[in-house]
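The structure appears below as structure tokens.
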Amino acid sequence: MSICQSGEISFRWNDVKEAVGQIRWLGDHQRPHFLRWIRQFVQSEAGGMQDPEEARKRFLESVATRDRVTDWQIEQAGKAVLWWQSRVRANDPEPGVTGSWETVRKVVVERLRKRDYAYRTEQTYLRWMERFREFSRNKAPTHVKTADVRRFLTHLAVRDEVVAATQDQAFHALRFLFVEVLGKEFAELEGTVRAQRKEKVPVVLTPEEVGRLLVEVPLAYRLMSELYYGTGMRLSEGVRLRVKDLDFGNGYIVVRQGKGGKDRRVPLPQRLVKPLGERIEVLRQLHAEDRAAGVAGVYLPEALLRKYPKAGTEFGWQWLWPMKRLSVDPRAGVPRRHHVDAKLLQRAIRSAAQQAKFEKRVTPHVLRHSFATHLLEAGSDIRTVQELLGHARVETTMIYTHVLAKNGSGVVSPLDRLS
């Protein structure tokens, strides 16, 4: 019985079982579950979608809503679907990209933009692909294998001593190259030396310290900084807010396309309602000036732009924190008003910390850490904090429980017991 079709290729279930049985990095007890996830994916609505990233995301979101499904099961389902998609593409009669690395680079950019990857991610992926090409000694794209990837990732961990997050970044970039562009299977990576994951207790400010910091932040960035502390948003999420993301009536902000491509809601601090309302009126005037000057609309994802061609010129889609000057969009090649550069806020926070004479290393992300810790100190449920932060796993949020006690452990020093 056919289980899936890709172009002219039809896969039978027995063939799939045989292929899964040959995956060396999969334990025997895991194979039945692996096969079950593949069957469920293929038979689901997501299994018929053309965009593999969106299909995988849609399927995992549906899995996460089921009762009694754990995080490790969701992770297992993601690995199964990713392996399946890799195998389908490797056997697709439409060949992957061939030719020079320059040709491959152009196709990588084209496909990343088609799937609305952030420009920053695009540049990161291209840098890793270039480093991989150099490491492979300019071996032709059609000749590179996962064995080359295994050696490269191991080199990063052993010789370059990169942190785990950096190695993960390289892994995802090369997986996109192999699966989405070259049409090759991306598996058999057992034996790769993994970079060490170091558990770091986050830097957290006390409420009094937050107040001291915000007073020192330049006025141009103070409202932004207050919003970061008041909502717990990531740096990239805050700078990408649009006017329509603020819901004053219901008292929340919609954070769109956060980590993992998920949307979520965070509270709109009541003390910021008035200054944010005043800011929007200033933006309304700036928007009118841009329209009168014929400035191109703000950047929108391609899929949205195709559906709503004029949305970029509508007021609701304007950036909440726009740059004062126009800049050329590197993707479209036209001058438009971009959102503020995150580096400017980082500098403002760093300077404010110096003015406040903090010995701690303070960044905008410290405001997010402080938001989470202060909510837990006030008695908020950890699951609620997890949702507000946009963490996929509650274990990630649990790290904030490590800093709830003033000394980091809750233990009273014996010296303090002496009379």
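What follows draws every value from the coordinates through simple rules; no lab data is involved. Quick caveat, the model's predicted, so the values are computed rather than measured. All Cβ positions, even for glycine, are placed from backbone atoms using ideal geometry, and neighbour counts span all protein chains on display.
Just a few scattered comments:
- Residue by residue, segment 66-76 carries 3J(HN,Hα) couplings of 6, 6, 6, 8, 8, 4, 5, 5, 5, 5, 5 Hz when phi is fed to the Karplus relation 6.51 cos²θ - 1.76 cosθ + 1.60 (θ = phi - 60°); x denotes Gly or Pro.
- Label-reachable residues, segment 332-352, where backbone N falls under 19 Å from a point 7 Å from R291's Cα toward its Cβ: 336-338
- Overall dimensions of segment 101-182 as given by Cα atoms, namely Rg and Dmax in Å: 12.2, 35
- A simple rule links phi to the HN-Hα coupling: the Karplus curve 6.51 cos²θ - 1.76 cosθ + 1.60 with θ = phi - 60°, which for segment 330-343 gives x, 8, 9, x, 10, x, 8, 8, 9, 6, 4, 6, 4, 4 Hz, with x for Gly and Pro.
- Applying a threshold of 29 Å to the alpha-carbon distances of K114/K184; K244/K360; K184/K307; K114/K262; K57/K244; K106/K307 flags K244/K360; K184/K307 as lying beyond it.
- Proximal aspartates and glutamates to K145, defined as alpha-carbon separation beneath 12 angstrom and excluding residues fewer than eight positions away on the same chain: E185, E188
- Label selected from (1) 24.3, 84; (2) 24.9, 88; (3) 20.9, 67, the criterion being Rg and Dmax of the Cα atoms in Å as computed here: (1)
- Helical contribution to [θ] at 222 nm, DSSP H n ≥ 4, -39,500 (n - 2.57), averaged over the chain, rounded to 500: -15500 deg cm²/dmol
- HN-Hα J in Hz across segment 227-239 - Karplus 6.51, -1.76, 1.60, θ = phi - 60°, x for Gly and Pro: 5, 4, 5, x, 10, x, 5, 6, 4, 5, 5, x, 5
- About the centre of its Cα atoms, the chain shows a dipole size close to 580 debye [charges on the beta carbon of Lys, Arg (+1) and Asp, Glu (-1) only; nearest 20 debye].
- Segment 208-403: C-alpha gyration tensor shape, a/c 1.5 cut-off, then a/b vs b/c: prolate
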